[in-house]
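The values are calculated or read from the model by the stated rules, or taken from the named source; none is laboratory data. Keep in mind that what you see is a predicted model, and the values were worked out from it rather than measured. Every residue, glycine among them, receives a Cβ derived from its backbone with ideal geometry; neighbour counts consider all protein chains shown. Calculation scope for accessible area: heavy atoms of the full protein, side chains included, ligands and nucleic acids excluded. Shrake-Rupley method; radii C 1.70, N 1.55, O 1.52, S 1.80 Å.
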Amino acid sequence: MDTIFAQATARGKAGVAVIRVSGPRAMTAARALAGSLPAPRQAGLRRLTDAEGVLLDEALVLCFAKGASFTGEDVVEFQCHGSPATVAAVLRALGEQDGLRLAEPGEFTRRALENGVLDLAQVEGLADLLESETEAQRRQAMRVLSGALGEKVALWRESLVRAAALLEATIDFADEDVPVDVTPEVAGLLSGVSTALETEIEGVAMAERIREGFEIAIVGPPNAGKSTLLNLLAGREAAITSEHAGTTRDVIEVRLDLRGLPVTFLDTAGLRESTDEVETIGIARAIDRATAADLRVFLLDETGRTEGMAPGPEDIVLRGKADLDSGAAGVSGKTGQGVAELVERIAAILDDRSTRAVTATRERHAEAMRRARGAIAEAQNQLSHGMETAELAAEDIRRAARALESLLGKIDVENLLDEIFARFCLGK
């Protein structure tokens, strides 16, 4: 297997840049540059030189032995000065050594998967962590990266293996008197796993919203203060504001961190009857996006009417341009009246929804769990016919276990790997 290397930190000028080397020749390659290496997991200051003896840099060197590193292989990390020239010189010196090559995107993490250091769910959690922008996204990604999903799968699989073993023992002794009826225990094990899977499946949609972000549409008639409110929330002139109706023709998006949750606010075209062809298209798009959004904030004018769509049970309905009516309980993007209360109300709704999120975070996870749950349902159906079909039930249980193994990347996921690792940078 090749030994790979890459810069693990972001490119550009920095105080420190980390260059990572992994593979069977990692230690040899590092000695060629540093002369000697510190003990594993102990940092040592070394002068790095190329094959001609030219000084490249003074760097901290860290070594990790095979089986005790991120990739599961011998790994060496150089903490160099972070100038582009220094990094380029060290990378060039590594590339000139036999058996070393520049890593491909995600190759360090892929080797961690192949060497059993991480399962596939943890790899996905790492990808989410690297892309996380808010506290909620970070916490969710860390749960998956820490192996929480793998721990649940291990418990479910243990129950399934126990259930299958009980049935197979009964099958093996079919010609003898078996003093204990295993059906109640098997049924209990299957029911417990099925219930747990159902809970996880139901929570995946909300976990995906945390990962991808919530959408909140600001809707209402023209000149209700929607664009002014969006600009205040964004802290910049994201949308054009005008006293002329129909100014907003397309959906304008602003992404924000709202109390740790990723949120995209949508400013939509004013809802009204219009003969203007372009405005009509904008209104249709507004209705489509608002309908698909996770939450809608309706800003009403002095008439108090809504056209084109009606608020849902959790949608927020307020008087817009409340600064023009001192007696109105509403919101004003111009003066800030009621905006803090609106933000708190939105945050409370989304916080409540986010509590429904579970450990599984992707549709791929949900699909694997649906297959497992379906196989368990078939096993339960076979058991309802008595022990005559115990062998078929045992095979259904084994299918359920294999579905859970695919969730962790142990089987049937090779076609997914290239797509997943393409999202990683060279140094990860």
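Before moving on, here are some points about what is shown:
- The simple Förster model, with R0 at 56 Å and r as the Cβ-Cβ distance, assigns Thr355 and Leu60 a FRET efficiency of 0.85.
- Taking Cβ atoms as reference points and 11 Å as the exclusive limit, the residues near His81 contribute a net charge of -1, counting Lys and Arg as +1 and Asp and Glu as -1.
- By the combined test of axial Cα extent (at least 18 Å) and Kyte-Doolittle hydropathy (mean at least -0.5), the qualifying DSSP H helices of the chain come to 148-172, 183-212, 277-292, 339-354, 390-407.
- Looking at region 1-92, the trypsin sites (Lys or Arg not before Pro) that sit in a DSSP loop and have at most 14 other Cβ atoms within 10 Å of their own Cβ are Arg11, Lys13, Arg41.
- Beta bridges from DSSP with both residues in the chain: antiparallel share about 65 percent, rounded to the nearest 5.
- With the simple spin-label model, which puts each label point 7 Å out from Cα in the Cβ direction, the Ala329 to Arg255 separation comes to 3.6 nm.
- Here the alpha carbons of region 1-101 define both size measures, Rg and Dmax, at 12.2, 33 Å.
- Neighbours of Val21, meaning other residues whose beta-carbon lies under 9 angstrom from its beta-carbon, give a summed charge of 0 when Lys and Arg score +1 and Asp and Glu score -1.
- Here's the list of lysines a cross-link from Lys66 could span, going by alpha-carbon distance under 24 Å and ignoring same-chain residues fewer than 8 apart: Lys410, Lys428.
- Given charges at Cβ of Lys, Arg, Asp, Glu: the chain dipole, positive-most of Leu408, Leu256, Ala85: Ala85
- Nitroxide proxy distance, nm - points 7 Å out along Cα→Cβ at Leu129 and Met1: 2.1 nm
- Probe 1.4 Å, accessible area per residue of the chain, Å²: 48 Å²
- For region 40-87, the calculated P(r) over all alpha carbon pairs, in 10 Å bins from 0 to the bin holding the longest distance, is 26, 43, 28, 3 percent.
- Positive contributions from Lys and Arg (+1) and negative ones from Asp and Glu (-1), summed over other residues with Cβ under 9 Å from the Cβ of Glu208, come out at +1.
- Spatially proximal lysines relative to Lys321 (Cα-Cα < 24 Å; intrachain offsets below 8 disregarded): Lys226, Lys334
- Mean shadow area of the chain over all directions, Cα convex hull, nm²: 30.0 nm²
- Heavy-atom surface analysis with a 1.4 Å probe gives region 289-402 a carbon and sulfur content of 50 percent of its accessible area.
- Using the empirical formula 2.2 N^0.38 Å as the baseline, the Cα radius of gyration of region 321-400 reaches a ratio of 2.26.
- The chain - charge dipole about Cα centre, Lys and Arg +1 at Cβ, Asp and Glu -1, debye rounded to 20: 1740 debye
- The distance between label points at Arg92 and Ala340 comes to 5.8 nm (points 7 Å beyond Cα on the Cα→Cβ vector).
- For region 348-383, the set of GluC sites (Glu not before Pro) satisfying both a DSSP loop assignment and a count of at most 14 other C-beta atoms within 10 Å is empty.
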